[in-house]
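A.B. asks: Here you go, one structure.
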Amino acid sequence: MDKFIIKKKKFKVNNPVLIEGLPGIGNVGKIVVDFLIDQLKHELVYEIYSKSFPHSVFVTEDNIIELPKVDIYKVSIKNRDLLLLSGDIQPVDEESSYEFSNLIVDIAKENGCKEIITLGGIGLNSEPNSPKVYGVANNSKSKEKYKKICGNVNFDKVKAEAIIGATGLILGIAELKKISGIGLLVETFAHQFHIGLKESKELLKSIKNIFNLDIELSDLDKEIKQEERNKAKNLKKQSKVLSKTVKRIHAKGSDTSYIG
């Protein structure tokens, strides 16, 4: 099997920009790109499979198996097209991550992309109440351009010393191949099971402003409220369990002064 198997559809693009949103911290980038795909009229133009992806398959509700893959969708907006990169996974080892990121940049260049935008999260020790968005760029010209466009993005004091995975590597490799790019990074909770819906909304606001997109965020607001209700219920259950445990300990006369 080749390192990558690519299924490509014939299509034309107009002044395209590629936007990457793959699974990562809080899955914020993936949530944003998947939301854009759901909201906008789209066309699947690339399917990418690789032996560098996890050695497993997904089982659908109909008991049909599917290989993990990465997709690129074309979306046409005013005066230009977006190539939206989403997927189930991304390579985890360093060599494969470089090879995959290089492939994505080559696809962007082949289709005439002069800019790339990557999306990701900055992991915090707790969930942020008001998540902030930070920006990085692969050249000073792009940085100054998007500083003016993205009012809610801080391009000067980024809370990150390194960006791991495709979100960072794509930008670095793009600069080597003369493609400008920026990364938009939002604060999120660095827990493996955290789903950063609230944080993703802040990234969506930035993308909406950059491209003047006619998208409605109310659907995402509903999901955010539902997630907050679920968290409140879980917290209430945990508090009850903790309270009962403490009572049992005191009833037994234990010297234990804490619960691990």
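The values are calculated or read from the model by the stated rules, or taken from the named source; none is laboratory data. These numbers were taken from a predicted model, which means no experiment stands behind them. We place every Cβ from the backbone using ideal geometry, glycine too, and count neighbours over all the protein chains shown. Calculation scope for accessible area: heavy atoms of the full protein, side chains included, ligands and nucleic acids excluded. Shrake-Rupley method; radii C 1.70, N 1.55, O 1.52, S 1.80 Å.
A.B. asks: Could you tell me whether any residue of the range 9-19 is in contact (Cβ under 8 Å) with a residue 60 or more places away in the chain, on the phi > 0 side of the Ramachandran plot, touching a strand residue (DSSP E or B) at 6+ places or on another chain (Cβ under 9 Å) and in a helix (DSSP H, G or I)?
C.D. replies: Among the residues of the range 9-19, not one is in contact (Cβ under 8 Å) with a residue 60 or more places away in the chain, on the phi > 0 side of the Ramachandran plot, touching a strand residue (DSSP E or B) at 6+ places or on another chain (Cβ under 9 Å) and in a helix (DSSP H, G or I), which makes the answer no.
A.B. asks: Quick one: which residue in A166, A160 is within 30 Å of P16 (Cα to Cα), open to solvent by less than 70 Å² (accessible area, probe 1.4 Å), at pLDDT below 90 and in contact with a Leu (Cβ under 7 Å, 6 or more places away or on another chain)?
C.D. replies: Matching residue, one of A166, A160: A160.
A.B. asks: Filter the range 169-208 down to residues that are of a type in the set (D, E, K, R) and under 19 Å from E144 (Cβ atoms) and give me whichever is most open to solvent (accessible area, probe 1.4 Å).
C.D. replies: Out of the qualifying residues, it is K178.
Matching residues to (1) at pLDDT below 95; (2) closer than 19 Å to I170 by Cα; (3) not charged (D, E, K, R):
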residue	(1), (2), (3)
Q39	yes, no, yes
L44	no, no, yes
Y49	no, yes, yes
F53	yes, yes, yes
V57	yes, no, yes
E61	yes, no, no
K69	no, yes, no
S76	no, no, yes
L85	no, yes, yes
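A.B. asks: Which residue is surrounded by the most Cβ atoms within 10 Å (Cβ to Cβ), if the candidates are limited to the range 62-95 and must be part of a loop (DSSP other than H, G, I, E, B) and among the basic types (K, R)?
C.D. replies: In this case the residue turns out to be K69.
A.B. asks: Any chance you could count how many residues in the range 51-61 are more than 20 Å from the chain's Cα centre (by Cα) and open to solvent by less than 20 Å² (accessible area, probe 1.4 Å)?
C.D. replies: Result for the range 51-61: 0.
A.B. asks: Still on this model: Report whether or not I182 is assigned to a helix (DSSP H, G or I), at pLDDT 95 or above and touching a strand residue (DSSP E or B) at 6+ places or on another chain (Cβ under 8 Å). Before the answer, list the steps.
C.D. replies: Values: assigned to a helix (DSSP H, G or I): no; at pLDDT 95 or above: yes; touching a strand residue (DSSP E or B) at 6+ places or on another chain (Cβ under 8 Å): yes.
Taking the combined requirement at face value, the residue does not satisfy it.
A.B. asks: Yes or no: G123 modelled with pLDDT under 95, open to solvent by less than 70 Å² (accessible area, probe 1.4 Å) and not in a helix (DSSP H, G or I)?
C.D. replies: Working: modelled with pLDDT under 95: yes; open to solvent by less than 70 Å² (accessible area, probe 1.4 Å): yes; not in a helix (DSSP H, G or I): yes.
Taking the combined requirement at face value, the residue satisfies it.
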